[in-house]
1. Quick one: residue 13 ticks every box in (1) among the basic types (Lys, Arg); (2) exposed (fewer than 15 other Cβ atoms within 10 Å of the Cβ); (3) within 17 Å of residue 111 (Cβ to Cβ) bar one, so which box is it?
2. Closer than 21 Å to residue 168 by Cα and either of a type in the set (Ser, Thr, Tyr) or buried (at least 21 other Cβ atoms within 10 Å of the Cβ) (or both), is that true of residue 241?
3. State the number of residues belonging to the stretch 197-234 that are among the hydroxyl-bearing types (Ser, Thr, Tyr) and in contact with a Gly (Cβ under 6 Å, 6 or more places away or on another chain).
4. Please go through the stretch 365-408 and give me each residue that is among the polar types (S, T, N, Q) and under 11 Å from residue 286 (Cβ atoms), ordered by number.
5. Scan the stretch 276-295 and tell me whether some residue there is assigned to a strand (DSSP E or B) and either surrounded by fewer than 20 Cβ atoms within 10 Å (Cβ to Cβ) or not aliphatic (A, V, I, L, M) (or both).
6. What pairs come out if I take residues in the stretch 180-207 that are touching a residue at least 12 places away in the same chain (Cβ under 8 Å) and part of a helix (DSSP H, G or I) and pair them with residues that are aliphatic (A, V, I, L, M) and surrounded by 16 or more Cβ atoms within 10 Å (Cβ to Cβ) whose C-beta lies under 7 Å away, six or more apart or interchain?
7. Run down 211, 165, 230, 205 and say which single residue is modelled with pLDDT under 85 and either in the same structural domain as residue 352 (by TED's automatic domain parsing) or within 30 Å of residue 256 (Cα to Cα) (or both).
8. Within the stretch 294-310, can you find the residues that are in contact with a Ser or Thr (Cβ under 7 Å, 6 or more places away or on another chain) and within 21 Å of residue 334 (Cα to Cα)?
Amino acid sequence: MSTKDEKIDSIIKQIDEFDYKFLRLQFSDIHGIPKSMAVSLKKPDDIEDIIEEGLLFDGSSVPGFVGINDSDLLLKPDINTFSTLPWRPEEKGACRFICDIYNTDGSPFEGDPRGVLKKSLKKAENKGYQFNMGPEPEFFIIEQDEHGNYMPADQADYFDVEPLDKGTDIRREIVLGLEKLDFNIEVSHHEVAPGQHEIDFRFADALKTADAVITFKQAIKALVHNLGYDVTFMPKPFFGVNGSGMHCNQSLFKDGKNIFYDPDTESQLSQEALYFIGGLLKHAPALSCILSPTVNSYKRLVPGYEAPCYIAYGLKNRSTLLRIPASRGIGTRIECRSADPSCNPYLAFAVLLEAGLDGMDNKIDPGEPTEFNAFAYTPEELEEKGIKTLPTSLWEAYHSLEKDNVVKNALGDYVYNQFYNIKRQEWDDYRIQVFDYEREKYLNI
């Protein structure tokens, strides 16, 4: 019996043992929003047909996929992603596969975000590399006041404890639920802003991690909703406090060793790590469109709220775009601080990888690390030091993307065109709005 057959047999036994009645086939749209279809399981071995043949669906109703004139697409489960759904009722509950998307002729669908990441990882694999990612997604637990307005669920601060931190029991339930999904949770705590929280999980290969981010967000929303609250991963939901980021900790392994680590240099960073950093810095403006993909993202990326604004790297420096945490050896990593949890992790991880590999291929020198507080200088002073500013709006970001062939090629023509057009429309929709702020400021002119 092959390894695949053994895996399928194990899944069938688990479905039979726990009497699962529904199987969800999950995938993500171009924004990273999870979608799924529930299949009724009459008997456990029904799953074999689904795994082998897949399931047709209408792709024309999914953002960024296909037109109504050619709408049929095929979902095929990745058997390595089978899991339960701990937020669903235990009795006759549901299980799940994450799926890859194919055309009806059996070829991979170019618009599948998961397929975009798999393509980039294959490039790295052909060079002998394994790309690992450890994300740190932040989020707000929120509730409605008597007027129906959303507000933070507590007024606690960084690392606060109960009773100020009302999220202690909620985070406990989240962590226990995530552990049922085989998450290796490292730490959970209250963040800086009222109602803001962070739960970090251990790094793994980028595909498994991207799947985990999608599941993480879905699970947290469902688990917290069951407790009577809501969760938002909106980058900047409240004025005057920190927004939510999703710092991306990247490392590159070859033959089981972290190639970013070199014990013989002063910083203990390898030349490969420095070139990788050089690639990330060079492509930072275009990367911004993928890592910070919404109009609201750029209300987080402003001075004074711990979010990066400047294209530089530093050792331990939290005022720069890239930071090198103190851990060395197997834990040596490059932290990108501009990404936020509204991004599609499949696309985000793919473009980060290919930007870094471009730096290695072309030996892009990142220069000396920035070890001063960049927030203490004006943009003009930083410009004199050779430090440029990240895009300050989605408009700037998507115009940077259209000029960057490395990032565009990482997405592929199909996804790039769909994504670019959606972002242009999103900006146009935003710029014609008239907000209360404008009326209050300009109505009496």
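The values are calculated or read from the model by the stated rules, or taken from the named source; none is laboratory data. Note that the structure is a prediction, hence the values are computed from the model and not measured. Don't worry about glycine lacking a Cβ; one is built from the backbone with ideal geometry, like all the others, and counts go over all protein chains shown.
1. (3)
2. Values: closer than 21 Å to residue 168 by Cα: yes; either of a type in the set (Ser, Thr, Tyr) or buried (at least 21 other Cβ atoms within 10 Å of the Cβ) (or both): no.
For residue 241, the condition - closer than 21 Å to residue 168 by Cα and either of a type in the set (Ser, Thr, Tyr) or buried (at least 21 other Cβ atoms within 10 Å of the Cβ) (or both) - is not met.
3. Initial filter on the stretch 197-234 (among the hydroxyl-bearing types (Ser, Thr, Tyr)): 209, 215, 229, 232.
Then keep just the ones that are in contact with a Gly (Cβ under 6 Å, 6 or more places away or on another chain); that gives none.
Number satisfying all stated conditions: 0.
4. Answer for the stretch 365-408, where residues must be among the polar types (S, T, N, Q) and under 11 Å from residue 286 (Cβ atoms): 400, 405.
5. Start the filter on the stretch 276-295 by keeping residues that are assigned to a strand (DSSP E or B), which leaves none.
No, every residue in the stretch 276-295 fails to be assigned to a strand (DSSP E or B) and either surrounded by fewer than 20 Cβ atoms within 10 Å (Cβ to Cβ) or not aliphatic (A, V, I, L, M) (or both).
6. Close Cβ pairs satisfying both conditions: 206/117; 206/121; 206/133; 206/353; 207/117; 207/121.
7. Numbers: 211 fails: modelled with pLDDT under 85; 230 fails: modelled with pLDDT under 85; 205 fails: modelled with pLDDT under 85.
Being modelled with pLDDT under 85 and either in the same structural domain as residue 352 (by TED's automatic domain parsing) or within 30 Å of residue 256 (Cα to Cα) (or both) holds for just one of 211, 165, 230, 205, which is 165.
8. If the condition is that a residue be in contact with a Ser or Thr (Cβ under 7 Å, 6 or more places away or on another chain) and within 21 Å of residue 334 (Cα to Cα), then 301, 308, 309, 310 are the ones that fit.
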